[in-house]
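Have a look at the structure below before the remarks.
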Amino acid sequence: MVAVERVESLANSGIISIPKEYIRPKEELESINDVFLEEKKEDGPQVPTIDLQDIESEDQIIREKCIEELKKAALDWGVMHLINHGIPVELMERVKKTGEEFFGLDVEEKEKYANDQATGKIQGYGSKLANNASGQLEWEDYFFHLVYPEDKRDLSLWPKTPTDYIEATSEYAKCLRLLATKVFKALSIGLGLEPDRLEKEVGGLEELLLQMKINYYPKCPQPELALGVEAHTDVSALTFILHNMVPGLQLFYGGKWITAKCVPDSIVMHIGDTLEILSNGKYKSILHRGLVNKEKVRISWAVFCEPPKEKIVLKPLPEMVSVESPAKFPPRTFAQHLAHKLFRKEQEELVSEKKEQEELVTEKKEQEVLVTEKKDQVCV
């Protein structure tokens with residue numbers, strides 16, 4: 001297994017400037033600002049907060065009002081803060097505490113759980129490998145593993161320290177699975193479908209997978225040059241996120257980057273590509289990224305609800321397609337969608353690199369012309 005330098009080790013080494021592999025392209029740098037100042041902004045659009053307390057109310061009018069608010073946020077933003085979601089705050093705090101304690105261990109101890117992406121062992125402790133020609137890296141380490149269904153988990157890969165990690169994470173995954181069902185039901189009703197339709201379409205209780213990724217973003221000496229996670233949309237059906245109340249999540253909305261506020265006791269929920277495809281683009285899978293800072297470590301706990309990779313063909317539901325609204329997405333399995341996104345990203349990077357090379361050649365030619373003109377002037 002190839003040794004990978006962890007971002008945490010780099011951050012703790014005392015460097016005052018980051019390696020070039022972590023510096024974002026110049027067109028991105030213009031939009032990277034101080035995250036603490038960004039979070040304080042009150043002007044402009046704000047990520048919606050949805051109160052789920054009445055999502056299963058016996059009162060039809062109250063229940064429908066809650067579903068309508070959830071639907072509106074999914075249609076407009078594709079991301080929201082969920083409050084009164086039914087998951088005990090004490091349990092969320094336990095999950096955060098055990099994750100923080102794991103990342104508080106020495107790097108050597110965490111390396112016992114290292115993954116090996118080259119051999120397909122994706123679960124475990126890792127850092128992003130350079131998977132593109134430019135060698136671009138993100139300012140984060142992570143721990144990734146499947147948390148539900150229980151019969152598909154591999155507990156031998158889960159941290160043994162801290163001792164409460166397995167119990168707290170298992171309990172949290174069960175609670176999230178129940179929450180996912182409530183949300184799928186509401187979003188199905190929002191599209192005029194049978195309540196259980198969307199959940200069935202993504203694998204149901206037996207096949208839907210919950211994958212947890214704990215993202216660890218160390219302090220960064222030059223946060224204006226780096227990103228914790230580059231701009232992307234989630235491939236999942238739904239993504240649920242906890243964080244340690246340090247801002248960093250940004251959403252691309254209305255043509256600009258909006259920083260999400262930190263809402264106490266909330267869970268951030270994203271609509272992923274899978275639901276965007278099934279709804280034929282009605283529900284939005286929003287482009288988002290993560291900023292870093294030089295003052296505080298940021299940690300987030302993302303749980304991706306994913307359909308089985310090969311079993312289900314994802315395509316717009318027949319009810320979502322019409323003459324006025326033809327199918328926007330071709331039929332693909334989840335695995336094919338992943339491969340398509342990776343291929344498209346590689347193509348975009350090749351185009352971007354080619355453009356940069358052409359710009360450098362043009363710049364060089366312009367400099368040569370200037371030098372020649374100066375020589376001519378001297379001769380005159």
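The values are calculated or read from the model by the stated rules, or taken from the named source; none is laboratory data. Since we're looking at a predicted model, the values are computed, not measured. Note: ideal-geometry Cβ built from the backbone for every residue, glycine included; neighbour counts use all protein chains shown.
The number of residues in region 211-230 that are assigned to a strand (DSSP E or B) and in contact with a Phe, Trp or Tyr (Cβ under 7 Å, 6 or more places away or on another chain) comes to 7.
On the stretch given as region 137-167, residues that are of a type in the set (S, T, Y), within 22 Å of the chain's Cα centre (by Cα) and over 21 Å from A180 (Cβ atoms) total 1.
Which of the residues belonging to region 87-127 are in a loop (DSSP other than H, G, I, E, B) and at negative phi? Listed by number, the residues that qualify are I87, P88, G104, L105, D106, N115, I122, Q123.
Among the residues in region 192-215, are any surrounded by 22 or more Cβ atoms within 10 Å (Cβ to Cβ) and closer than 16 Å to L70 by Cβ? Taking every residue of region 192-215 in turn, at least one turns out to be surrounded by 22 or more Cβ atoms within 10 Å (Cβ to Cβ) and closer than 16 Å to L70 by Cβ.
Taken together, A114, A130 contain a single residue that is under 30 Å from K152 (Cα atoms), modelled with pLDDT under 95 and out of contact with any Ser or Thr (no Cβ under 8 Å at 6 or more places or on another chain), which is A130. Across region 305-320, not a single residue is classified as touching a Phe, Trp or Tyr at 6+ places or on another chain (Cβ under 9 Å), modelled with pLDDT of 95 or more, of a type in the set (D, E, K, R) and part of a helix (DSSP H, G or I).
Of I16, I23, all but one fail to be out of contact with any strand residue (DSSP E or B) (no Cβ under 9 Å at 6 or more places or on another chain), in contact (Cβ under 8 Å) with a residue 24 or more places away in the chain, aliphatic (A, V, I, L, M) and loosely packed, with under 11 Cβ neighbours inside 10 Å; the exception is I16.
Exactly one residue out of L225, L278, L291 is under 30 Å from E206 (Cβ atoms), in contact with a helix residue (DSSP H, G or I) (Cβ under 8 Å, 6 or more places away or on another chain) and crowded, with 17+ Cβ neighbours inside 10 Å, and it is L278. Residues that are without any contact (Cβ under 8 Å) to a residue 60 or more places away in the chain, touching a strand residue (DSSP E or B) at 6+ places or on another chain (Cβ under 9 Å) and not in a loop (DSSP other than H, G, I, E, B) do not occur anywhere in region 285-293. If you scan region 299-326, which residues turn out to be among the hydroxyl-bearing types (S, T, Y) and in contact with a Gly (Cβ under 9 Å, 6 or more places away or on another chain)? Within region 299-326, S300, S325 qualify. Residues in region 59-86 that are without any contact (Cβ under 8 Å) to a residue 40 or more places away in the chain and in a loop (DSSP other than H, G, I, E, B) were compared, and the one that is nearest to G44 (Cα to Cα) is N84.
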